[in-house]
Every structure is written in C-alpha cells, then in structure tokens.
Amino acid sequence: MRGFFLHVPGERLSVSELSAARLDGDVVDLGESYAPADLVETAALRAASLLPLTEGIRGAAFAGMSAAWIHGAGDAPPEVHELQSATGRRLRAPATRRLIVHDPVPDPVDLQVVGGVTVTTPERTVIDLLRWPVTHPRRHEWARLLVQIDPPLAHRAAIRLSALHHGPGHHRAVRFLAARGAGAA
C-alpha cells in the first residue's frame with residue numbers, strides 16, 4: 001500500500017496534519033486513507049486505500065459494495081464495507097457497524113488480487129450484490145453502477161451465475177441481468 005503513496009492517518013502524519021494538507025489541496029480523502037491530489041485514482045489505489053479496515057483480519061477479501069467501489073463503481077466508497085473469507089476459514093473481524101462479514105466463501109475463480117488486495121471479481125461482485133438480502137437497499141444501486149461502467153459485465157455475470165447453485169436471490173439476479181440484455185449461456 002505504501003508504494004501507492006497513500007497516507008494512513010496516524011502512520012507518518014496525524015489526522016490533523018492530513019486534514020490541513022487536504023484543506024491546502026495537497027491530498028484528497030480516498031477510502032480509509034489520503035492520496036496526493038494529483039494521483040490518478042485506479043482500482044489498485046482504491047483497494048489499497050481500504051487496507052486499514054482489514055488490519056488484523058487474516059484471509060479477508062473485499063466483496064459486495066466495497067468490491068464494486070474498488071472496481072470503479074461510484075465516486076465515494078460505501079459507508080458500510082463487506083468482506084468474505086478468501087481462504088475458507090472463518091474471518092475473525094471485530095464487531096463494528098462499518099463492516100459486514102459474509103459467510104459464503106467464493107470459489108477461487110471468483111477472487112482476484114487488485115493492488116495487493118484480494119477482491120471478488122466484477123462478475124461475482126454483481127451476483128453477490130443482487131443475491132444477498134436486501135437489508136442494504138444500496139446493494140442494487142452498486143450493482144447498477146458497476147454494470148453501467150462495464151456493460152458487457154452483465155453478460156459475463158449471467159454466464160457465471162448459470163454455473164452457480166440456485167439459492168436465495170437467484171431469480172432476482174437473473175431478472176436484473178436479463179433487464180440489461182444478458183441471458184445465461
């Protein structure tokens with residue numbers, strides 16, 4: 001993460017120093033970090049900016065709304081971040097209102113490393129956003145934003161969905177993808 005020139009509050013600079021630098025226009029907020037204002041925001045940079053959330057949580061992969069933001073959806077990160085286990089072992093995450101930990105472990109083909117951070121693939125991210133309970137209504141908005149920036153993603157997600165077991169939310173995902181012109185292969 002440090003190779004991306006990100007500043008995590010309390011490491012090299014205090015929150016007050018980073019806030020002053022932000023007011024001066026030298027840095028901007030990015031996820032849980034600050035980045036130089038002239039740095040191009042990439043998926044790798046977004047992913048690395050969220051690493052402070054997973055300190056002490058081994059084997060975590062960003063998923064759902066967090067993964068959608070990392071992959072380029074939306075301008076600002078979600079208020080609540082979502083994690084899944086990348087290793088099959090139960091995550092030991094602290095109880096917090098800012099993190100949701102999901103039990104299902106994605107298949108290895110549904111994971112990728114972005115900027116040194118494990119994240120669900122765009123296809124799996126869309127599927128999860130649509131299949132998970134609508135306890136966070138913004139999940140569907142994140143799915144819409146992700147497909148909007150990459151329209152062929154709807155077709156790729158439909159193909160991936162057809163290979164998964166039918167479960168809760170399956171029909172909701174099929175309807176969403178079909179409405180975007182995607183059908184299962």
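The values are calculated or read from the model by the stated rules, or taken from the named source; none is laboratory data. The structure presented is a predicted model; accordingly, all values stated were derived computationally and were not measured. Note that we place each Cβ from the backbone using ideal geometry, even for glycine, and neighbour counts take in every protein chain shown. Side chains are part of the model used for accessible areas, which takes the heavy atoms of the whole protein and leaves out ligands, DNA and RNA. Shrake-Rupley method; radii C 1.70, N 1.55, O 1.52, S 1.80 Å.
Some values worked out for this structure:
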read-out: Residue satisfying all of: in segment 131-144; farther than 15 Å from residue 73 by Cα and of a type in the set (A, V, I, L, M, F, W, C); nearest to the chain's Cα centre (by Cα) among these; value: 132
read-out: Hits in segment 1-29 - residues which are β-branched (Val, Ile, Thr) and either assigned to a loop (DSSP other than H, G, I, E, B) or open to solvent by 30 Å² or more (accessible area, probe 1.4 Å) (or both); value: 8, 15, 28
read-out: Subset of segment 155-171 that is assigned to a helix (DSSP H, G or I) and farther than 15 Å from residue 120 by Cα - its residue that is most open to solvent (accessible area, probe 1.4 Å); value: 171
read-out: Residues (in a loop (DSSP other than H, G, I, E, B), open to solvent by 30 Å² or more (accessible area, probe 1.4 Å) and either more than 16 Å from residue 173 (Cα to Cα) or not aliphatic (A, V, I, L, M) (or both)) located in segment 117-135; value: 133, 135
read-out: Strands (runs of 3 or more DSSP E) contained entirely in segment 52-116, each with at least 1 residues that are exposed (fewer than 15 other Cβ atoms within 10 Å of the Cβ); value: 111-114
read-out: Evaluation of residue 32 against (1) within 19 Å of residue 75 (Cα to Cα); (2) open to solvent by 80 Å² or more (accessible area, probe 1.4 Å) (one fails), failing number; value: (2)
